[in-house]
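The values are calculated or read from the model by the stated rules, or taken from the named source; none is laboratory data. Quick caveat, the model's predicted, so the values are computed rather than measured. Heads up, the Cβs are rebuilt from the backbone with ideal geometry, glycines too, and the neighbour counts pull from every protein chain shown. In case anyone asks, the SASA skips ligands and DNA or RNA and just uses the protein heavy atoms, side chains included. Shrake-Rupley method; radii C 1.70, N 1.55, O 1.52, S 1.80 Å.
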Amino acid sequence: EKKNVKVEMDNNILTITAEREKPELKEGENLHYDELRYGQYIRRITVPKDVLPEKIEAVFKDGLLTVTVPKAEVKKPQEIKVK
């Protein structure tokens, strides 16, 4: 669920933390097979120094987290006219 997902950026390390809670079964319901584990997950990814941390976007939709990390444009050399 979206409320259980957290994305942080600190010192060029992107940290994604999520937690999957064990489903609560109502009386009379049985869970026959569940292949995913429960608990907390943490992933840390080192990103290049030329990213724009203020423009990082995280979208959670239909159980899928998409994180977009834009890079700064590479500055091209400027030609300076000699007077």
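Surface composition of the chain: carbon plus sulfur atoms hold 49% of the accessible area, using a 1.4 angstrom probe and ignoring ligands, DNA and RNA. The C-alpha atoms of the chain occupy a region whose extents along the principal axes are 87, 22, 19 Å, arranged from largest to smallest. For each pair in LYS3/LYS75; LYS2/LYS55; LYS49/LYS81; LYS22/LYS61, compute the distance between the two Cα atoms and list the pairs where it is over 27 Å. In this structure, LYS3/LYS75; LYS49/LYS81 exceed 27 Å between Cα atoms. Distance between the modelled labels on LYS83 and THR46, one decimal in nanometres: 4.6 nm (7 Å Cα→Cβ projection).
Taking label points 7 Å from Cα along the Cα-to-Cβ direction, LYS26 and GLU57 give a separation of 3.8 nm. Solvent-accessible area per residue in the chain equals 99 Å², computed with a 1.4 angstrom probe and all protein chains kept.
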